[in-house]
Structures are given as C-alpha cells and as structure tokens.
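Below is one structure; the comments refer to it alone.
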Amino acid sequence: MPMTLEELARACNARIEGGDPMALIVSAGDISSAQQGQVTQLTNARYTHYLKESAATACFVAEGLMPPAFPATMALLVCTDPEMSFINAIGLLHPEPQYAATIAPQAVLATTVSLGENVYVGPFAVIGEASHIGDGSAILAGAYVGGRVKIGKHCRIHPYAVIYDGVVIGDHVTVHSGAVIGADGFGYKFRDHHHVKVPQVGNVVIGDHVEIGANTCIDRGALGSTTLGQGSKIDNLVQIGHNNKIGRHVIMCGQVGVSGSCKIDDYAILAGSAGIADHVTIGQGAVIMARAGVAGDVPAQAHYFGSPAKDKRVAYKEQIALSKLPELLKKVKWLEEQLQQLEKGQD
C-alpha cells in the first residue's frame, strides 16, 4: 500500500533526515537494487558502498551507523532498530491478502462444523465433522481439515495443507501449502519375520503464533500428543516424529529430522539438515549446527556440530586435525624410511 515518506516514518518510529517528506513510497527493496519509490535498509557498515549510487528514495539507518556517502535525493530514516523498522515498513507496504467472510460454494463442510466470525473457506476446501474454525481464520482453496479439529483465531491454512483428525491449533498460526499435520507416527514392532504397526491414536497440539513451512510433516502421538510451543517457527521440509515435545520459540530450519519422543526446550535452534535420534533432549537455547547428527542429550546453551555431534569447540579442533592428516602421514612415512635405513646401518 503506497504511502508518503512522512507517513512511513511516523508508523515506523523513524526520524527523517534529508529528502522529500512528501515523496511517495510504493514498495521495499534490497539495498543493492532498490529503485526510486522504494525504501531499503542499512544494517551493516560493509554495505554502505551500495548507497553511493543507489536510486532508493529512502533508507532506514541506525543512530550510530550514518553512511559516509549517499545521494542528495535520498532520505535517511534514522531509528534505534532499523531491522525491525524495515520489517514494519514491509508489512505496511506489502500487506497480506485479506479474505472476506465467505464460504465458497465448492467447499465441503460437514453439518456439525462450527465457524467463528469472519471466517473464509475457499473453493474445494474440506472440513470434517465436529471441527471448529475460530474468528478471522482462513482455510484456503483445496485445504483439508479432518474431524474434531480445533483451529483458533486468525489462523491461515494454505492451499493443499492437510490437517488430520483431532489436531488442536492455537491462535495466529500459519500452515503453509503441502504441510501434513497429524499423520501416523512411524512405529513398528518386528515379530514373526514382519513389521507390526503400532496404532497411533494420539494427536498434535500447536500453540499460538506458530508457523509451519511448506511440505513439513508433524506426526501425531502414538499415545498422547505431539506438541509445539508458542512462537515456534518450522521451516519447509521438516520431519517431526511422534510424541515430540517442542518448546516455545524454537527454530527448525529446512530438512531437519527429529525422531520420536524427543524434547526440544525453549529457544533451541536446529539448523539445516540436522538429525536428532529418538528420546533425545535438546536443552534450552542450545544450537544444533547444520548437518549435525545428534545421538545423545545436549546441554542448555551448548553449540553442537558434526556427526556424531559434539561441542563445536571439540568438533572444530578435530576438523582442523583431520585437515592436517595428509601431511602428517607423509612425515610418518619419511620417519619410517629413516628408521629402516638406520636399522640397515646397524646390521
């Protein structure tokens, strides 16, 4: 939504220096490519060179990070936290689509579904028996919501997401396309030369302000619930096994895999492609680095790396030692040759 520079500055708690307060800002842009009518941000001194020839109309900067050179036509939006101010600006300039309270004629709703106020249900969406959709939520085209599902207020379920029976979702939750919430956990017992499926009769409970990425799968509990705490953010292509207890404000990056019955404490971060074995506890604020393979418990605030994962300081030393191994082998071979010559001389 276009707005004047003055309106944008006021909404983002910024002070204008230079430029035209009445200039129209129509969108946000990257610092390396922003054009006239766009606003950008400068959050690191090493990017100041981009501003010298920039065509951007305005740029958010921190109080202590004034660029040494920038076009005379550019306005600086001086603020205490340019990253957050820029995020607010993006939200104002690029608002999410809003959906009027409508039930598309192609949608299929069971007779016992209950809907709050201002709910949108798109074409070919399906909502099962005894499910409830809270105020202001949107179930977009082709999404499937099973029976006895509870979805809170102001949620958005994107096209072709699948939510199985009995799932409970809090307020302000986003489920992106292709995500599957509440499928059976992967549980089998081997008897008489074949795998016997363990019935999965639990559910999934998701807290408020959670975001679940595209094509992520969260399995229901075998007994009891798989849970995700308030404010946690799950990237695309993440696998969360049955009966996991995910804390508040946890970050899981793409292709993370978490086996069953794990506990991930508040504020933990699991970087891309990390793998967690079953029945593992990741302590509060711990960081599991990219492609780490975790087979045992991780203490709070620890940073683990490698496979098998260990404290990053130990893992880094081992990596450095391994890089020196070829040269070390050459030295050992030379010493062996010298030793052989000495032994021949003694004979």
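The values are calculated or read from the model by the stated rules, or taken from the named source; none is laboratory data. Because the structure is predicted, anything quoted here is derived from the model rather than measured. All Cβ positions, glycine included, derive from the backbone under ideal geometry; neighbour counts span all protein chains shown.
Among the candidates GLY260, GLY247, GLY296, GLY254, which residue alone is over 20 Å from ASP219 (Cα atoms) and not charged (D, E, K, R)?
One residue alone meets the criteria, GLY296.
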Practice task
With respect to THR48, determine if the residue is among the hydroxyl-bearing types (Ser, Thr, Tyr), closer than 20 Å to ARG15 by Cβ, more than 23 Å from the chain's Cα centre (by Cα) and modelled with pLDDT under 95.
Solution key: yes
Problem - Among (1) in contact with a strand residue (DSSP E or B) (Cβ under 8 Å, 6 or more places away or on another chain); (2) surrounded by fewer than 23 Cβ atoms within 10 Å (Cβ to Cβ); (3) on the phi > 0 side of the Ramachandran plot; (4) not hydrophobic (A, V, I, L, M, F, W, C), the one test that GLN255 misses - result: (1)
Practice task
May I ask you to say which residue of ALA290, ALA300, ALA321 is surrounded by 10 or more Cβ atoms within 10 Å (Cβ to Cβ) and outside any loop (DSSP other than H, G, I, E, B)?
Solution key: ALA321
Fill in the blank from the handout: GLY345 vs (1) touching a Gly at 6+ places or on another chain (Cβ under 9 Å); (2) over 29 Å from GLY221 (Cα atoms); (3) among the small types (Gly, Ala, Ser): all pass except (1)
Problem - Answer residue from the range 117-169, given it is touching a Lys or Arg at 6+ places or on another chain (Cβ under 8 Å) and among the β-branched types (Val, Ile, Thr) and is nearest to GLY182 (Cα to Cα) among those - result: VAL167
Completion exercise
Cβ pairs under 6 Å, 6+ apart or interchain, first in the range 14-39 and farther than 23 Å from GLY64 by Cβ and touching a residue at least 12 places away in the same chain (Cβ under 8 Å), second surrounded by fewer than 16 Cβ atoms within 10 Å (Cβ to Cβ) and of a type in the set (Gly, Ala, Ser), ordered by first then second residue, are GLN35/ALA55; GLN36/ALA55; GLN38/SER27
Exercise for the section: Check whether at least one residue in the range 256-277 is in contact with a Gly (Cβ under 7 Å, 6 or more places away or on another chain), part of a loop (DSSP other than H, G, I, E, B) and touching a residue at least 40 places away in the same chain (Cβ under 8 Å), and report yes or no. Expected result: yes
Practice task
Mind telling me which of the residues HIS209, HIS154, HIS193, HIS172 ends up being without any contact (Cβ under 8 Å) to a residue 40 or more places away in the chain and under 26 Å from ASP278 (Cβ atoms)?
Solution key: HIS193
Practice task
For ASN88, indicate whether it is in the same structural domain as TYR164 (by TED's automatic domain parsing) and either under 30 Å from ASP30 (Cα atoms) or in a loop (DSSP other than H, G, I, E, B) (or both).
Solution key: no
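What strands (runs of 3 or more DSSP E) completely inside the range 1-68 contain at least 3 residues that are farther than 18 Å from ILE90 by Cα?
Those strands (runs of 3 or more DSSP E) do not exist here; none qualify.
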Practice task
May I ask you to list the residues in the range 284-299 that are under 20 Å from the mean Cα position of the chain (by Cα), of a type outside the set (A, V, I, L, M) and within 17 Å of SER259 (Cβ to Cβ)?
Solution key: ARG291, GLY293
Problem - Residues (part of a loop (DSSP other than H, G, I, E, B) and in contact with a Ser or Thr (Cβ under 7 Å, 6 or more places away or on another chain)) located in the range 219-238 - result: ARG220, ASN236, LEU237, VAL238
Handout entry: Matching residues, the range 41-54, being touching a residue at least 24 places away in the same chain (Cβ under 8 Å) and either not hydrophobic (A, V, I, L, M, F, W, C) or not assigned by TED's automatic domain parsing to the domain that holds LEU77 (or both)
Key = GLN41, THR43
Exercise for the section: Might you check whether a residue that is of a type outside the set (Lys, Arg) and in contact (Cβ under 8 Å) with a residue 60 or more places away in the chain occurs anywhere in the range 295-309? Expected result: no
Problem - Options GLY29, GLY37, GLY19; residue that is at positive phi, at pLDDT 95 or above and not assigned by TED's automatic domain parsing to the domain that holds ALA125 - result: GLY37
